[in-house]
Each structure stands twice: as C-alpha cells, then as structure tokens.
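Visitor: Before I ask anything, let me first share the structure, which is written out below as structure tokens.
Throughout, read-outs are computed from the coordinates displayed, never taken from laboratory work. The structure displayed is predicted, hence computed values, not measured ones. Here the Cβ is made from the backbone with ideal geometry for all residues, glycine too, and neighbour counts use every protein chain on show.
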Amino acid sequence: MISLASMCGRYAITTPIEAMREIFDAVGGPEFQPRYNHAPTLMAPVVKTVPIFDKGERTGHRRVIDLARWGLVPSWAKSVDIGNHTINARSDTVREKPSYRGAFRHHRCLVPADGFYEWTTATAEKGGGRKQPVWIAPDQLAGFAEPLFAFAGLFDIWHSLDGTELHSYTIVTTDASPSLANYHHRMPVILDRAGWETWMTGTPAEAAALMRPHDGPFRVHPVSTAVNNVRNDGPRLIEKVDNPDAPPPKPKPVQGSLF
DNA sequence: CCAGACGTTGTT
DNA sequence: GTCTGG
DNA sequence: CCAGACGTTGTT
DNA sequence: GTCTGG
C-alpha cells in the first residue's frame with residue numbers, strides 16, 4: 001500500500017511554443033527548451049489575458065503567453081525570498097491570504113504542463129520510507145481532451161530596487177481526486193478548456209467554482225529517481241521504470257571505517 | 001502608534 | 001499593501 | 001519538489 | 001533541523 005506523497009513541486013513542459021499558441025489561442029511567448037524537470041524558481045510559460053484598447057476604449061482582451069518565475073512574489077514583497085514558499089496556493093484560503101488575494105482578484109492565469117511528478121512514500125514494511133517519484137499525465141486515449149494540462153495559476157509583478165520587473169506565478173492546489181488519492185491527498189487544480197476563459201476573465205466567484213479536483217483520466221507510472229536532481233533533464237525522466245522498489249545505490253565504503 | 005508577517009508540503 | 005500583535 | 005549547505009581566519 | 005538554490 002502506498003501512502004503520502006508530495007504535491008505539485010515539479011512538472012514537465014515540452015510542448016513547442018507554436019503548438020501552445022494554437023491550443024490556447026494566444027500570441028507571444030519566446031522560444032524555450034523543452035523541460036522534463038521544471039522546478040521552483042525557474043522560468044516557464046504562463047497564459048494570461050491582456051486588455052485591448054482602441055482609441056482609448058477598452059474593446060476586449062486577448063491571450064498572451066509570457067515567461068514567469070515559479071514561486072509567486074507579491075508586488076509588496078521586499079525580496080524574492082518569499083517565492084521559496086509560494087509555489088502552491090491552497091484553493092480553500094487563496095482568497096484570504098495576503099500573498100494571494102490580490103492576484104486571485106486580478107491576475108489569474110493558466111500554467112501549461114504536459115504532466116507532473118509526485119513523490120510517493122512507500123510504507124515502512126515495503127520501502128522503509130523511501131520516496132518513489134511517479135509521473136502523472138493526461139490520458140488522451142481514455143478521453144482526456146487536451147494533450148497537455150492547464151493548471152489554475154496566479155501571477156504577480158514585482159519590482160526590484162533597481163526597477164527590474166519580475167513576473168512570477170503559483171499553482172493552485174486542492175484535494176486529490178479519487179483516482180489520484182492513492183498517491184497523495186493533494187493535487188494541482190486542473191482546468192478543462194471550458195474553464196479557461198472563466199478562470200482568467202470571470203468574476204472571483206465564478207473562478208472559485210472551478211477550484212475542484214479533476215478526475216482525469218490520468219496515466220500514472222513510477223519513474224527513475226533521476227528526476228530528484230534538478231540538474232537532470234530529458235525525456236527519459238518520464239519513462240516508466242519496472243523496479244521502483246529497488247533499493248537506492250549503496251554508499252561507497254569509507255576507508256578507515258571500523259569494519 | 002510601530003514592527004513584523006505575509007507560504008506550502010508533510011510531520012509522531 | 002494590509003493585517004495582527006504588542 | 002529535492003539536493004546541498006550549514007564556518008572562520010587570512011591569504012597571491 | 002532549516003534554509004537556499006535550482
């Protein structure tokens with residue numbers, strides 16, 4: 001039996017930017033290298049809406065892809081340090097927390113991802129508490145509508161003392177859906193295409209109604225612990241491994257030990 | 001009034 | 001920025 | 001999320 | 001144990 005795992009603290013975003021523009025009906029966004037091991041504090045694409053003005057009149061809005069840093073830094077922060085603790089925002093308190101409430105009212109965005117990782121902890125009798133990473137992705141063969149996820153995100157803009165602008169984001173979390181509860185009790189909020197526009201441009205109440213567990217269907221399989229180290233990257237990280245319970249490599253014997 | 005926090009995960 | 005604690 | 005650091009003196 | 005960096 002598997003218990004507890006982590007949260008959405010690592011994911012993959014490898015879909016080419018042109019494909020993302022098409023899927024999200026968005027403009028902009030720089031080229032970027034595919035990332036199979038996207039981690040907090042790194043930059044990744046987010047989708048936001050910006051108003052369109054014509055002769056001073058607001059005539060509508062359009063979707064734009066931007067890069068932002070994972071770990072939300074509120075506009076009032078004195079430093080980026082807070083971003084180490086704001087990679088996720090709990091959906092049940094996001095409207096009250098000082099770090100998130102402003103962004104929830106005015107800066108909701110989509111966070112594209114091909115899938116995400118969780119680290120499950122095997123029970124003592126099975127794995128002695130080792131953490132096993134698993135890969136979770138949309139199962140299109142089983143009916144998931146999109147080739148990638150759109151996480152519900154919030155962004156903000158922070159100005160450093162020298163005036164540099166930092167765009168940053170966080171991923172909203174909720175309780176795990178039934179199909180993922182075996183791996184962990186929390187999960188990121190995933191939005192279907194039908195919810196994208198409302199999440200970004202609806203009222204706060206309308207957006208809040210979208211913050212609920214998505215029940216897939218998902219593909220889930222164990223992957224190598226190579227993903228643990230953020231310096232590792234590449235498609236092999238999401239490949240299924242067959243011996244997830246194999247013990248970790250033995251530490252090298254130390255010369256001069258008592259044994 | 002000023003000073004200080006402002007966050008998430010998972011923990012026996 | 002805005003709220004809480006002292 | 002995990003990995004890795006976590007300290008001081010003085011020093012060409 | 002706890003914080004920083006990626």
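Visitor: So, R0 is 30 Å and r is the distance between the beta-carbons of A:D175 and A:R62; what FRET efficiency does that work out to, to 0.05?
Guide: Computed FRET efficiency for A:D175 and A:R62: 0.35.
Visitor: Mind checking the full-extension length gain between A:T198 and A:S79? Use 0.36 nm per residue of separation minus the Cα-Cα distance, one decimal, nm.
Guide: Net length gain for the segment: 39.7 nm.
Visitor: Moving on to the next point. Short version: what are the Cα gyration tensor semi-axes of segment A:118-240, square root of 5 times each eigenvalue, largest first, in whole Å?
Guide: The equivalent ellipsoid of segment A:118-240 has semi-axes of 29, 22, 15 Å.
Visitor: Gap in Å between the Cα centre of segment A:80-103 and the Cα centre of segment A:32-78?
Guide: 16 Å
Visitor: Please list, by residue number, everything in segment A:187-223 whose backbone N is under 20 Å from a paramagnetic label point 7 Å out along Cα→Cβ of A:N232.
Guide: The answer is A:220-223, whose backbone nitrogens lie closer than 20 Å to the label point.
Visitor: May I pose another question? Extending each Cα 7 Å along its Cβ direction at A:A208 and A:K240, get the distance between those two points in nm, one decimal.
Guide: 4.2 nm
Visitor: Which three semi-axes in whole Å describe the equivalent ellipsoid of segment A:172-212, each the square root of 5 times a Cα gyration tensor eigenvalue, listed largest first?
Guide: 23, 10, 7
Visitor: Over segment A:11-238, what relative contact order in percent results from Cα pairs under 8 Å that are six or more residues apart?
Guide: 21 percent
Visitor: Given the rule -39500 (n - 2.57) for each run of at least 4 DSSP H residues, summed and divided by the residues of chain A, what is its mean residue ellipticity at 222 nm, to the nearest 500 deg cm²/dmol?
Guide: Here the helix-only value at 222 nm equals -3000 deg cm²/dmol.
Visitor: Tell me which aspartates and glutamates have Cα within less than 15 Å of A:K48's Cα, excluding those fewer than 8 residues away on the same chain?
Guide: Correct list for A:K48: A:E22, A:D25, A:D66, A:D156, A:E197.
Visitor: Which three extents, in angstrom, do the Cα atoms of segment A:11-238 have along their principal axes, listed largest first?
Guide: Principal-axis extents of the Cα atoms in segment A:11-238, largest first: 67, 41, 34 Å.
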